Structures are given as structure tokens and as C-alpha cells.
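Have a look at the structure below before the remarks.
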């Protein structure tokens, strides 16, 4: 067989082999994109089923971006398909988490912002974008060595930009890491004014921190009491009852103020009533004598609370010497 007669057959085989290779490559690319059965039969159930199956498979392999793109491609043909929409949102959520964990919060925010601008079904993540934006930029403001006034100015811009009720709480959680929580109480009030529903005791605990450091009649303590009274009435009453036997200083005085406000019979107990007077620097001699006549166990409890209150500088001025003398007597008599 000569070279001239062999060439046509070889060339035909080469062309056939190339066509097979190209077809296989095209099929592989289609599978990777998650659109097998989609582009060609976009009006049929096979498209929706295959796109959903492909998305689930990619999610199972921890490939959230590819899963998201597969579901999004499926939704192009049938944007009303709730199954694919649910899968796309699940994949988007996992992609955001992946970006935050592997890259940065800023990368997650940038990706989400771009997808929100391009895809209608992603509008469900508008609140998530607001949260990421607040977390990122409130943290930047608080970590830049700025004054508290400058930080709050940056926070106010975020609040004006994002009306969601969760935003003030997120901002407060970041700001209070560097500044006194007293300055965040207005943010909690704003959150409740916007319709925030507390699902945990974060705000309640923040108010409790304020009550540990401020006298009951102070503006900050009154603000904290107002928030607790309106949104955590049961928790506030339980906290006050428990604090009477375990707290000291301003926290104890605030707890007693709650007991009096709620007219709980315990407020008339000689131990608590006398401690309230002494810690407030009022009629120390008269109520100190009442404490000294109590049972030994109650005197010890009073001595502990009074001593800890002295350490916290709750009692100052001329009354301090009197209370120090009383504390010594309570411990020894």
C-alpha cells in the first residue's frame, strides 16, 4: 500500500477522532456548569430535575459557588421554580460563609452585593448584605483610633443606610467592645423602635452591665431600667430577686430598687431595707444598729455586701468612715 492511497483513510479517521474528543469536552463542560439537559430542553421537566440534582450534588461535595451557579443557570429558564430558588439561596448562604472563613468579610460583602445587583431571586439576602456592611464598617470605624463621637457618626450613617431592626444591635455589639456599653443604650432603644424581637438576652445582659456601674438614680441606670422594664419584665424581676443575695454595690442597690418598684414583700425585710439605707449613705447609725441585731448568718451576709460595696467605691465622702466601722462590727460581733 502506497502513502498516496493510505492518506485519505487516515485523514478520515483523524477527523472522526477529533469530533469524538470535541464532543466529550463539550459534554464535560456542560456537566461542570450544571446544565446537562438544560440548554437544549429548557422548557421540559428534565431541565429542572437535572439542575436541582446537580446543585444538590455540588452542595454535598462542598462546592457552594458551583452549586449556586448551577441553580442560577436553571432559574434563567424557569425563574418561578421554587425548588431551584431554595437551592440557590442555600448555596449562596454557604458561599458567603465560605468567603468569610477562607478570605474575608469584605470579600463576602463584595460578592453578595454584585449578586444582588444582577439576580432578582437574591433579594432575599438584602438583610444579610446590610448586616455584613454594618459588621465590616462599624468594626473599621471602631478600630481606627477615632473618638467615640466619630465612631457614632459612622454608625449613624450605617443606620440611615439600612433600616432593618437588627442593624442597631449589630452596631452596638461591635462598638461596646471598645467603648462603654452605656453609650450603646440608645442603639438598643432604636432597635426596639424599629420592631426588633429579642431572641436572646444580649441586650438584657448589656443593661445589667450598666446597672453594675451606675447608681439607681443616674441617667444611664434609669435608661437601662426603662429598656428592661419594657422588654424583659420577667427576667428583670428574677434578676433583682437573685441579686439581693449575691450582688453588691450599685448592682445591689439597683436590684433593691426593682424590688421596691414591684412592691415585692422582700423589700420590707430588715436585712434588705437596712442595707439599702446604709449603702445609700442614709441614716447609717440607725440602720446599722438594726443590722447588728440580726442573726449571725444575716450579719455575715450584710458584712460581705457592705465590704464589697466599699471596695467598689460605692460609698464615698463622710459616710465612708461610718460604713467601714459598721462593716468591721458586722464581721466581728
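The values are calculated or read from the model by the stated rules, or taken from the named source; none is laboratory data. Nothing here was measured: the structure is a model prediction, and the numbers come from that model. Note that we place each Cβ from the backbone using ideal geometry, even for glycine, and neighbour counts take in every protein chain shown.
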State the number of residues belonging to the stretch 312-326 that are surrounded by fewer than 17 Cβ atoms within 10 Å (Cβ to Cβ), part of a helix (DSSP H, G or I) and touching a helix residue (DSSP H, G or I) at 6+ places or on another chain (Cβ under 8 Å).
4
Starting from the stretch 276-297, take each residue that is farther than 23 Å from residue 217 by Cβ and list its partners that are at pLDDT below 90, counting only C-beta distances under 8 angstrom and pairs at least six apart or across chains.
292/333
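Listed here are the residues, each with its yes/no results for (1) in contact with a helix residue (DSSP H, G or I) (Cβ under 6 Å, 6 or more places away or on another chain); (2) more than 21 Å from residue 52 (Cα to Cα).
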{"site": "94", "(1), (2)": "yes, no"}
{"site": "102", "(1), (2)": "no, yes"}
{"site": "107", "(1), (2)": "yes, yes"}
{"site": "120", "(1), (2)": "no, no"}
{"site": "123", "(1), (2)": "no, no"}
{"site": "129", "(1), (2)": "yes, yes"}
{"site": "139", "(1), (2)": "yes, yes"}
{"site": "143", "(1), (2)": "no, yes"}
In contact (Cβ under 8 Å) with a residue 12 or more places away in the chain, surrounded by 15 or more Cβ atoms within 10 Å (Cβ to Cβ) and under 33 Å from the mean Cα position of the chain (by Cα): does that describe residue 253?
yes
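The rows are residues; the columns are (1) out of contact with any helix residue (DSSP H, G or I) (no Cβ under 7 Å at 6 or more places or on another chain); (2) at pLDDT below 95; (3) closer than 18 Å to residue 131 by Cα.
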residue: 165; (1), (2), (3): no, no, yes
residue: 168; (1), (2), (3): no, no, yes
residue: 182; (1), (2), (3): no, no, no
residue: 200; (1), (2), (3): yes, yes, yes
residue: 203; (1), (2), (3): no, no, yes
residue: 210; (1), (2), (3): no, no, no
residue: 224; (1), (2), (3): no, no, no
residue: 227; (1), (2), (3): no, no, no
Taking residue 285 and the conditions (1) touching a helix residue (DSSP H, G or I) at 6+ places or on another chain (Cβ under 6 Å); (2) modelled with pLDDT of 90 or more, which numbered condition does it fall short on, given that it satisfies the others?
(1)
With respect to residue 235, is the statement that it is under 19 Å from residue 204 (Cβ atoms), free of Cβ contacts under 8 Å to residues at least 60 places away in the same chain and either touching a helix residue (DSSP H, G or I) at 6+ places or on another chain (Cβ under 6 Å) or in a loop (DSSP other than H, G, I, E, B) (or both) true?
yes
Here is a check on your reading of the model: is residue 242 closer than 30 Å to residue 192 by Cα and either out of contact with any helix residue (DSSP H, G or I) (no Cβ under 7 Å at 6 or more places or on another chain) or surrounded by fewer than 16 Cβ atoms within 10 Å (Cβ to Cβ) (or both)?
yes
Exactly one of 195, 208 is within 18 Å of the chain's Cα centre (by Cα) and closer than 28 Å to residue 147 by Cα, and that residue is 208
Yes/no for residue 298 being outside any helix (DSSP H, G or I) and either at pLDDT below 90 or in contact with a helix residue (DSSP H, G or I) (Cβ under 6 Å, 6 or more places away or on another chain) (or both)
no
Residues that are in a helix (DSSP H, G or I) and either on the phi > 0 side of the Ramachandran plot or in contact with a strand residue (DSSP E or B) (Cβ under 7 Å, 6 or more places away or on another chain) (or both), drawn from the stretch 238-292
249
Count of residues meeting criterion [surrounded by 14 or more Cβ atoms within 10 Å (Cβ to Cβ) and more than 19 Å from residue 247 (Cβ to Cβ)] in the stretch 263-291
3
Going through the stretch 206-231 in order, the residues found to be surrounded by fewer than 16 Cβ atoms within 10 Å (Cβ to Cβ) and not in a helix (DSSP H, G or I) are 217
